[in-house]
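Step one of this worksheet: look at the structure below.
The values are calculated or read from the model by the stated rules, or taken from the named source; none is laboratory data. Here the structure is a predicted model, which is why all the values come from computation and not from measurement. Note: ideal-geometry Cβ built from the backbone for every residue, glycine included; neighbour counts use all protein chains shown. For accessibility, only protein heavy atoms count, side chains too; no ligands or nucleic acids. Shrake-Rupley method; radii C 1.70, N 1.55, O 1.52, S 1.80 Å.
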Amino acid sequence: MKNTQVISAFLALGQETRLNVFRLIVQRGDKGLTPSEIIEKLGIPNATLSFHLKDLLDAELLLVERQSRNLIYRPNAEQVLKLSEFLLDNCCGGKPCSLVQPLQKAKAK
């Protein structure tokens, strides 16, 4: 994955409404959501939602499919996985990562 793709994804997710839309669609997984369902759940005006969906599609974070009269938006799992792999590449200097204990628990010991 190229830096420009990662930056595009972060720019798309760096806005609260788009992040909420993306997370809602991810929660539905392969079932996806129509714009009407997103509007119903998040209360976003249609014109505004179209703008946000376009940005998420341009960042390749979503896939869209037409089913009869409806558009179904689904997460682009492959792209999200690539983004995660990019972020964790060379994690811990190439050594196996151990879980970091929360600060409060670490102080208690």
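Things to note:
- Sparsely packed trypsin sites (Lys or Arg not before Pro) within region 46-82, loop by DSSP, other Cβ within 10 Å at most 13: Arg69
- Number of Lys-Lys pairs in region 1-102 with C-alpha atoms under 28 Å apart and a separation of 8 or more places or on different chains: 9.
- The listed residues Leu63, Leu49, once ranked by accessible area (1.4 Å probe) with the largest placed first, stand as Leu63, Leu49.
- Local charge for Thr17 was computed over the other residues whose Cβ lies under 14 Å away, with Lys and Arg +1 and Asp and Glu -1, and equals +2.
- With both labels modelled 7 Å from their Cα along Cα-to-Cβ, the Thr34 to Val64 distance reads 1.5 nm.
- The mean sequence separation of alpha-carbon pairs under 8 Å and at least six residues apart, normalised by the residue count of region 25-85, gives a relative contact order of 39 percent.
- Net charge in the neighbourhood of Leu83 (other residues with Cβ under 12 Å of its Cβ; Lys, Arg +1, Asp, Glu -1) is -2.
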